[in-house]
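Just below is one structure, and these are the notes that go with it.
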Amino acid sequence: MTTTPDYWAPTDPLGEALHQMRMNGAFYSRSELTAPWGMTMPAMPGHIWFHIVTSGPAWLQPENGEPRPLLPGELALVPHGRGHLILGAPGVPAPDVMSLEREAVSDRYELIRYGGGGDPTTLICGAVRFDHPAARKLVDALPETIHVEVGGSPQQEWIHSTLRLMAVEAQQLRPGGEEVITRLGDILVIQAIRAWLETDPAARTGWLGALHDEQIGRAISLIHKQPDREWSVASLASELAMSRSAFADRFTKVVGEPAMQYLTTWRMNLALDALQSEQATAAQLARRLGYRSEAAFARAFKRVVGLPPGAVKRGGTPVVHSLPTSS
């Protein structure tokens, strides 16, 4: 795990979370479909599904929800990886997408041709995963679906420009076209999340609301950027020119948990990432995260994650994989 240099890091915690949204794609596909058609997209915990209609009609039906139309040039996200349906029309059969015949264009990109021979629809779909704790925390706070409509606000025009470019690439897959489409898909996911953050009142509540708070947002940013510092309630309050008691009360009220509990859980999520992605040792993480001894770090890790560091490094499943989202 690497630390972002200070000269590159954003100065606000929400910008930091967006900055850390480097993703790993698990599934990308271009679907050439003819009515009647339908597909069940399986649950993929820890991933964001996205669907882009480049031509023809489509409907998105969330898990236990009502179908909603998607028009050409529209984008929909299913941020929490829940199973859902993509349909040519409500009520049509929808086999599991993984059971359909697929042509592997590359190791990350597939072509699906399916349907009953009627009116055509073309879709670009994908599932991506965010690994950094700041990004995962932001994703946890997103709604069940995000829908970017045609003819939205001027701020969304750049999303539609990217959608149009993707549609052009999808019309005829030229050499390297699958790489262009997957990268554009990654960009569109971030653009859609940014648009939601800027326009939806729900983005001002819970943890996201705490990021927008001038004082508490700065405290969160300090914790995120300097997890190895020997923080205390008093030292954080001093950074914000607040009294210790006023800061402690406000942090708990806005974030939903005490500042020191947030700090510990944040450190353990960074440690969990490092154990799973780079096979870091407990001794290395103790130094990296500001613990005076490996034993002190190991005790804190087991208390938060539910397993000792060595068990996670050997492939054990943690009890807590991301910070809880306050409401």
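Computed from backbone phi, the HN-Hα couplings of segment 54-67 come to 9, 6, x, x, 7, 9, 10, 10, x, 4, 6, x, 8, x Hz, rounded to whole numbers (Karplus: 6.51 cos²θ - 1.76 cosθ + 1.60, θ = phi - 60°; Gly and Pro given as x). Accessible surface calculations at 1.4 Å, restricted to protein heavy atoms, place segment 213-314 at 47 Å² per residue.
Computed log10 I(q)/I(0) for segment 213-314 at 0.11, 0.12 Å⁻¹: -0.35, -0.41, from the Debye equation with unit scatterers placed on every C-alpha and solvent omitted. Here segment 179-254 is treated as an ellipsoid with the same Cα gyration tensor; its semi-axes, largest first and in whole Å, are 33, 16, 7. The length gained by stretching the chain between T34 and D107 to full extension, at 0.36 nm per residue less their Cα-Cα distance, is 23.7 nm.
For G118, nonlocal amide neighbours, meaning residues 5 or more places apart or on other chains whose placed amide H falls under 5 Å from its own, are A35. Please report the carbon-and-sulfur percent of the accessible area for segment 192-265; probe 1.4 Å, protein heavy atoms only, DNA, RNA and ligands left out. With neighbouring chains kept in place, the figure for segment 192-265 is 45 percent.
In straight-distance terms, cross-link reach from K302 covers every one of the lysines whose alpha-carbon lies under 22 Å from its own, apart from those fewer than eight places away in the same chain; here that gives K137, K313.
Test of understanding: what is the full-extension gain from E257 to S238, defined as 0.36 nm times their sequence separation minus their Cα-Cα distance? Result for the pair: 4.9 nm of gain on full extension. Taking only protein heavy atoms and a 1.4 Å probe, what accessible area per residue, in Å², does segment 65-128 have with all protein chains in place? I get 45 Å² per residue for this part.
For the pair Q279 and I187 in one chain, pulling the backbone fully straight at 0.36 nm per residue adds 30.2 nm over the alpha carbon distance.
For segment 75-109, the residues whose amide N sits under 19 Å from a probe point set 7 Å from the Cα of T205 along the beta carbon direction are 79-80. Coupling constants for segment 122-127 follow from the phi torsions by the Karplus curve (6.51 cos²θ - 1.76 cosθ + 1.60, θ = phi - 60°), and in residue order they are 10, 10, 10, 10, x, 10 Hz; glycine and proline get x.
The values are calculated or read from the model by the stated rules, or taken from the named source; none is laboratory data. All of these numbers come straight from a predicted model, not from anything done at the bench. As a convention, Cβ positions derive from the backbone with ideal geometry for all residues, glycine included, and neighbour counts pool all protein chains shown. Accessible surface is based on the protein model in full, side chains and every heavy atom, while ligands, DNA and RNA are left aside. Shrake-Rupley method; radii C 1.70, N 1.55, O 1.52, S 1.80 Å.
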